[in-house]
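For reference, the structure discussed in these notes is given below.
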């Protein structure tokens with residue numbers, strides 16, 4: 001009989017990072033403990049057979065890690081069982097010769113080694129043909145890649161990857177209108193190149209949409225650190241509040257909040 005899943009907690013902020021929920025940051029719940037979370041802190045998925053849920057559902061990292069640790073502990077018990085069986089086999093006494101071994105040793109009248117399994121050669125009229133080892137197929141032998149070749153291949157792949165990344169960052173992802181809405185779309189797409197280009201063409205960094213969200217609000221909600229810094233350097237206000245009375249700093253995740261405060265200190269010192 002399965003248990004009843006816990007009721008969902010209704011909270012205005014994430015239980016982990018304390019960020020508030022709005023149009024762009026949706027509220028989620030852990031199906032295992034019922035806590036209110038943002039998408040970033042409820043991205044793990046697993047089945048919950050104790051609640052009769054056998055498909056993958058959204059859970060928080062704490063519940064996911066607890067389940068993983070319990071599975072590992074069960075696996076460790078089975079490993080210990082195998083180890084105990086191995087120890088029991090290793091304690092078997094094989095020093096006592098069997099009947100067949102004794103018979104073989106007695107049957108050789110010229111035995112001089114005195115071992116349970118006689119290793120003395122028995123004279124025979126028929127010469128025994130030597131056993132030839134089977135040749136190992138060449139295809140089954142794994143080929144070892146030279147260390148220098150591996151390092152060269154790794155460095156070349158990294159350099160090519162870095163070159164391609166730079167090539168993408170030096171081109172706009174789309175054609176945007178030279179106004180606040182065009183800059184807003186570039187921020188949503190994470191197009192840093194176009195954001196800098198539109199700001200250099202005179203687009204106001206303090207533009208607000210119909211919902212009262214400034215461009216800095218939008219970049220903070222989408223956690224675009226470099227775009228946030230670019231807007232701040234171009235005079236974007238940190239004090240503007242949306243319809244809920246929140247500043248861009250209030251909408252940002254905890255890690256980005258810390259970076260924004262440090263950036264603001266640097267801007268104030270440079271003035």
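The values are calculated or read from the model by the stated rules, or taken from the named source; none is laboratory data. Note that the structure is predicted; figures quoted are calculated from it, not measured. Here Cβ is always computed from backbone atoms with ideal geometry, including for glycine, and neighbour counts include all displayed protein chains.
Structure values in brief
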read-out	value
Single match in 263, 210 (criterion: more than 21 Å from residue 22 (Cβ to Cβ), modelled with pLDDT under 90 and not assigned by TED's automatic domain parsing to the domain that holds residue 21)	263
Enumeration of residues in the stretch 231-248 that are in a helix (DSSP H, G or I) and crowded, with 17+ Cβ neighbours inside 10 Å	231, 232, 248
Qualifying position, being more than 27 Å from residue 246 (Cβ to Cβ), crowded, with 17+ Cβ neighbours inside 10 Å and not assigned by TED's automatic domain parsing to the domain that holds residue 248, among 71, 59	59
